[in-house]
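Okay, structure first, notes after.
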Ligand code: ADP
Ligand code: MG
Ligand code: ZN
């Protein structure tokens, strides 16, 4: 028989933007919280969309969250009594997040990480891929392709920027399927508007 605290494990919810990762993280953490199991949810301090001390989904579900600078600070902020640790926007953490997740699981905690598995150029977005290999449970979430309604696997940037991260700007991204995804779309020069006179 398993008693609470006997075993820990890692869950990863990975997928593109708009695939319901935050929604699913909030759902999983909230059900423990409602059952009076101590939970804590964290997010990278750089993600200041909507609210500072909350994780908020595009569908406006929310849960309390503690902003932390890096995986080190996350580990130090987890209280002994905490049984379930949620992490949103895991792709914005350093690679140390993998070890931190394992340390927490080894300590008997259930750690649930949501994050992008691919960046806007379709490349692996660490540390999520490495974390997926170390996780007991992996959920690959799909969005609905904004162009055709097909299975949205990719995050398409639809504004021009060379930055890896264009934060918060929901309008800057779309979920796209395999056929409609084009990483070069955002590179194509937009027509310059030249003012006359
Ligand atoms: P993620 O954290 O993966 O970016 P969220 O959990 O914040 O996703 O938001 C998921 C919600 O986004 C959906 O329930 C839906 O209301 C909304 N949404 C907006 N655009 C799309 C889309 N193209 N496909 C699926 N859901 C979408
Ligand atoms: Mg999210
Ligand atoms: Zn499509």
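Placing one identical point scatterer on every Cα of segment 109-184 and ignoring solvent, what is log10 I(q)/I(0) from the Debye formula at q = 0.16, 0.19 Å⁻¹?
-0.63, -0.85
To the nearest 10 degrees, how steep is helix 21-34 against the longest Cα principal axis of the chain, on a 0 to 90 scale?
Tilt relative to the chain: about 20 degrees.
Please build a GNM for the chain, connecting alpha carbons under 10 Å apart, and tell me which residue among 181, 120, 137 fluctuates the most.
137
Could you please rank 118, 34, 164, placing first whichever residue has the fewest other Cβ atoms within 10 Å of its Cβ?
Lowest count first: 34, 164, 118.
If the elastic network links every pair of Cα atoms under 10 Å, which of 36, 27, 184 fluctuates the most in the Gaussian network model of the chain?
Comparing 36, 27, 184 in the GNM, the peak value goes to 36.
Principal axis lengths of the chain from Cα atoms, whole Å, largest first?
Cα extents, longest axis first: 74, 34, 29 Å.
What order do you get for 19, 57 when you list them from fewest to most C-beta neighbours inside 10 Å? Write out the running numbers ahead of the final one.
Details: 19 26, 57 20.
By the 10 Å Cβ count, ascending: 57, 19.
Where does each of 84, 113 land when they are ranked from fewest to most other beta-carbon atoms within 10 angstrom? Intermediate results must be reported in sequence, preceding the final value.
Details: 84 21, 113 29.
Listing 84, 113 from fewest to most nearby Cβ atoms yields 84, 113.
Since every read-out is calculated from the coordinates, none of them should be taken as a lab result. Note that the structure is a prediction, hence the values are computed from the model and not measured. Glycine also receives a Cβ, built like all others from the backbone with ideal geometry; neighbour counts cover every protein chain displayed.
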